[in-house]
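Comments concern the structure below.
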Ligand code: SIN
């Protein structure tokens, strides 16, 4: 094992959060490490929605914050939501200044569209449904051109280096089959979410919650891991991961129906634009009852589909389905992890030297249920704040070590994990199913002790079992009502306990 010293933030992850942090770390040198070439295997490149921000003259950050809090079902931290939404316009303008080609209105302003649970049209989009890739492409170009940024596109995070006081002093990276220890004044985890723990997901399958697991193992606080968001309109066309049919289709009037053409959520015009957890449960229930669930865009979008939603149209056509003529079969699939490493808006975690940003972090802005298109805003806005804070971190001396890397799961064991997570820790949960999931995790742990996806899955399942209520994305069929008081789950190794 070799050891190198880097004089600046070490950023693990090259999605929107990681690159925003790297760009803002200037003039400190930022080393960005990703397991795959930039633009591959990160969720932000796959985002179809856009960036939510108060951009129209009928909107205001306070209205955006109120919608964010309402969607979050009692667990949004008001100050974090205020900061996020106040950053909205400036963040979109910063992304545009880097070359993100946002759709414009006739007056040259940002064109905005409506998504579920927003009281105003406020999602800035690119090319209809191509926001993620277009925005990230602009940031990749900026990062490649920035003299203070170095990028390793073949490095996998295997461990965190800590000193005896628990301060995080660096990370272990596997590169070309060898382990390299990198010491740095700040380690920024921007490792993405945990959708790959589920057999049915819209996220890259490689996202297995490993950053959260390593942070937990190092002693960082994990916030609300049981809150996983299931997207109601993942396309059920036999692909893994499942292609997304963006919520904006419903914003444009596409309707959710069953196999008989009956509305899933009633005939009211805005019925399908209720908060995402409500719609996901309706889709899940229709499928579980054998009625099927379909997104019918024929009347509302019809012939405009290819140019209004080119990415969804291409995915449909690849699957042999023309959405101008046929309703799209849909299922609810794991889409976003609201829980994660407890972090402030500037990425600070409970461990000195460790920062977290983007989907692996839980900053309190999403609560129990994320408002659509708030995640790209959070990744960029809090990514910038995190880059500036991490750049101020100072180097420490003295001994620092990392535990040996955890074993990987064999493909068959990973498949079993994903199946049990979708079946028992998915849209509908109960004590019997979650207890069964824990037994499977025990069994798998005996085969690969301490494997990081198992730690991440256990955090989700144990917290879901302990939360004996239904709230936001967490639905317990055996406890269907919300508790009178909304409480966070705060977990730290080695014991799991409800707090606050
Ligand atoms: C979508 O376009 O439906 C997804 C947007 C999001 O998850 O924020």
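The numbers here are math on the coordinates, done by the rules we state, and not lab data. Just so it is clear, the model here is predicted, and its values are computed rather than measured. We place every Cβ from the backbone using ideal geometry, glycine too, and count neighbours over all the protein chains shown.
Each residue, residue 410 and residue 4, gets one label point 7 Å from its Cα in the Cβ direction; the gap between the two is 3.6 nm.
Principal axis extents of the C-alpha atoms in segment 201-245 (largest first, rounded to whole Å): 41, 19, 11. With a simple spin-label model that places each label point 7 Å from the Cα along the Cα-to-Cβ direction, the separation between residue 174 and residue 57 comes to 5.7 nm.
To test your reading of the geometry: what angle, between 0 and 90 degrees and rounded to tens, separates the Cα axis of helix 131-145 from the longest principal axis of the chain? Once rounded, one gets 30 degrees. Can you give the percent of C-alpha pairs in segment 266-343 whose distance is more than 15 Å? That fraction is 66 percent.
For the peptides 313-321, 260-268, 196-204, residues were scored by their other Cβ atoms within 10 Å and the scores averaged per peptide; the highest-first order is 196-204, 313-321, 260-268. Here residue 239 and residue 119 are evaluated by their C-beta separation; at R0 = 41 Å the FRET efficiency comes out at 0.75. Per-peptide packing, taken as the mean over residues of other Cβ atoms within 10 Å, places 458-471, 391-404 in the sequence 458-471, 391-404 from highest down.
The translational diffusion coefficient of segment 88-238, from Stokes-Einstein at 37 °C and 0.692 mPa s with a Kirkwood hydrodynamic radius over alpha carbon pairs, comes to 173 µm²/s. Inter-label distance, residue 288 to residue 106: 4.8 nm, where each label sits 7 Å from its Cα along the C-beta direction. Can you tell me the 0 to 90 degree angle between the C-alpha axis of helix 374-391 and the longest principal axis of the chain, rounded to 10? For helix 374-391, the angle is close to 20 degrees.
If neighbour count is taken as other Cβ atoms inside 10 Å, put 216, 475 in order from fewest to most.
475, 216
Rounded to the nearest 0.05, the FRET efficiency derived from the C-beta distance between residue 268 and residue 66 at R0 = 22 Å is 0.50.
So how much slack lies between residue 492 and residue 299, counting 0.36 nm per residue of separation and subtracting their Cα-Cα distance, in nm?
Extending this stretch completely gives an extra 64.4 nm.
With all pairs of different C-alpha atoms in the average, the Kirkwood value for the hydrodynamic radius of the chain is 22.5 Å. Counting only Cα atoms, the size of segment 414-478 along its three principal axes is 33, 17, 17 Å, in decreasing order. Extension gain, residue 40-residue 167: 0.36 nm per intervening residue step, less the Cα-Cα distance, totals 42.6 nm.
Seen against the Cα atoms of the chain and their longest principal axis, helix 61-71 is set at about 80 degrees. For the peptides 184-191, 350-357, residues were scored by their other Cβ atoms within 10 Å and the scores averaged per peptide; the highest-first order is 184-191, 350-357. Shown here is the pair-distance distribution of segment 157-244: with all Cα-Cα distances grouped in 10 Å bins from zero up to the longest one, the shares run 15, 38, 28, 16, 4, 0 percent. Calculated FRET efficiency, residue 432 to residue 468, Cβ-Cβ distance, R0 = 22 Å: about 0.95 to the nearest 0.05. Net length available on complete extension from residue 439 to residue 483 is 13.1 nm, with 0.36 nm assigned per residue and the Cα-Cα distance removed.
Give me the mean projected area, in nm² to one decimal, of the convex hull enclosing the Cα positions of segment 28-148.
Projected area, direction-averaged: 8.9 nm².
The value for segment 128-170 of Rg(Cα) / (2.2 N^0.38 Å) is 1.78.
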